[in-house]
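Report on the structure given below.
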Amino acid sequence: MFTNRTEAGNLLAKELMSYSNNKNVIIVAIPRGGVPVGAAIAKKLNAPLEIVLSKKIGHPLNKEYAIGAITLKNSIITNNIKGVSKLYIDKETQRIRDLLQNRYQWYYGNSKPKTFNNKTIIVVDDGVATGNTLISSIQLIEREKPSEIIVALPVAPTNAIRRIKESTTVTNIICLLTPVNFKAVGQFYKDFNQVSDNEVIEILHKLV
């Protein structure tokens, strides 16, 4: 059980100290919940913090149930799910991309994100359930040809870790908790309040 996302980040940082003060390392957090975790790691490792924009696509009958994930450039959709039409997926993909484009402008303003080419990328979130959002984010990062990708998570079920390991570009996965009775990421935090866009912007302005 973690007190909050900052504590989870500090605990992950202890496992990542071999990457501290390395100019080739970039911490890449998945907004919004992953940003406080990533910020704590970035501070401890003296590394820059970046974000990769990705959002889950929910089932039409239960928006909390992820059937895939969307980024600005790619998507992962679970195949052959009952009650999900191509029209629904197309509409949701466009809606989510419009939202992500707006967030991109809010978060970065006139500044440009750092390039990941030939860098060691440490991808961070506050936890994963299915792994879809994280995997789509990794696929987006892969396009920039980093030298290696490391995944750092406070908590995830073993089946999600197994799926992430299938990505050939992920060289290492650090996960502090892999509980058997996993229901949701929030059950492993005392404080799991939603992170706002303003909080993300404030963190990025301090660290980017």
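Bear in mind that the values in this text are calculations on the coordinates, not laboratory data. Please read all numbers here as calculations on a predicted model, not as lab measurements. Neighbour counts are summed over all protein chains in view; Cβ atoms, including those assigned to glycine, are modelled from backbone coordinates with ideal geometry.
Among S136, S75, S18, S111, which comes first, then next, by fewest other beta-carbon atoms within 10 Å?
S18, S111, S75, S136
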ask   = With charges set only on the Cβ (+1 for Lys and Arg, -1 for Asp and Glu), what does the dipole of the chain come to about its Cα centre, in debye to the nearest 20?
value = 280
ask   = How large is Rg/Rh for the range 56-106, to two decimals, with Cα atoms and a Kirkwood Rh?
value = 0.98
message = Quick check on the range 55-208: of the DSSP beta bridges with both residues there, what percent are antiparallel, nearest 5%?
response = 40
ask   = Over the C-alpha atoms of the chain, what are the Rg and the largest Cα-to-Cα span, Dmax, in Å?
value = 16.2, 50
key: Antiparallel bridges, percent of DSSP beta bridges restricted to the range 1-121 (to nearest 5)   = 65
Relative contact order, percent, the chain [alpha-carbon distance under 8 Å, six or more residues apart] = 25
ask   = Where the centroid of each part is defined by its Cα atoms, how far is the range 105-120 from the range 147-191 in Å?
value = 25
ask   = Where is the GNM fluctuation largest for the chain (alpha-carbon springs, 10 angstrom cutoff): L176, L100, L87?
value = L87
request  = With an 8 Å cut-off on Cα pairs and a minimum separation of 6 or more residues, tell me the relative contact order of the range 56-106 in percent.
outcome  = 31
query = Can you list the HN-Hα couplings for the range 62-77, worked out from phi with the Karplus curve (6.51, -1.76, 1.60; θ = phi - 60°), rounded to whole Hz and with x for Gly and Pro?
reply = 7, 5, 6, 8, 6, 10, x, 8, 10, 10, 5, 10, 8, 8, 10, 10
query = Between T115 and N10, what length in nm is gained on full extension when 0.36 nm per residue of separation is reduced by their alpha carbon distance?
reply = 35.3 nm
remark   = The distance between the Cα centres of the range 15-42 and the range 75-101, in whole Å, is 30
ask   = Can you put R103, R162 in order, fewest other beta carbons within 10 Å first?
value = R162, R103
request  = Compare K183, K44, K119 in a GNM of the chain, Cα atoms joined below 10 Å, and give the one with the largest fluctuation.
outcome  = K183
message = Going through the cross-link list K73/K112; K44/K190; K63/K112; K91/K145, which pairs have a Cα-Cα distance over 27 Å in this structure?
response = K63/K112; K91/K145
inquiry  = Checking a compactness column here: for the range 1-57, what do you get for Rg(Cα) / (2.2 N^0.38 Å), N being the number of residues?
reply    = 1.11
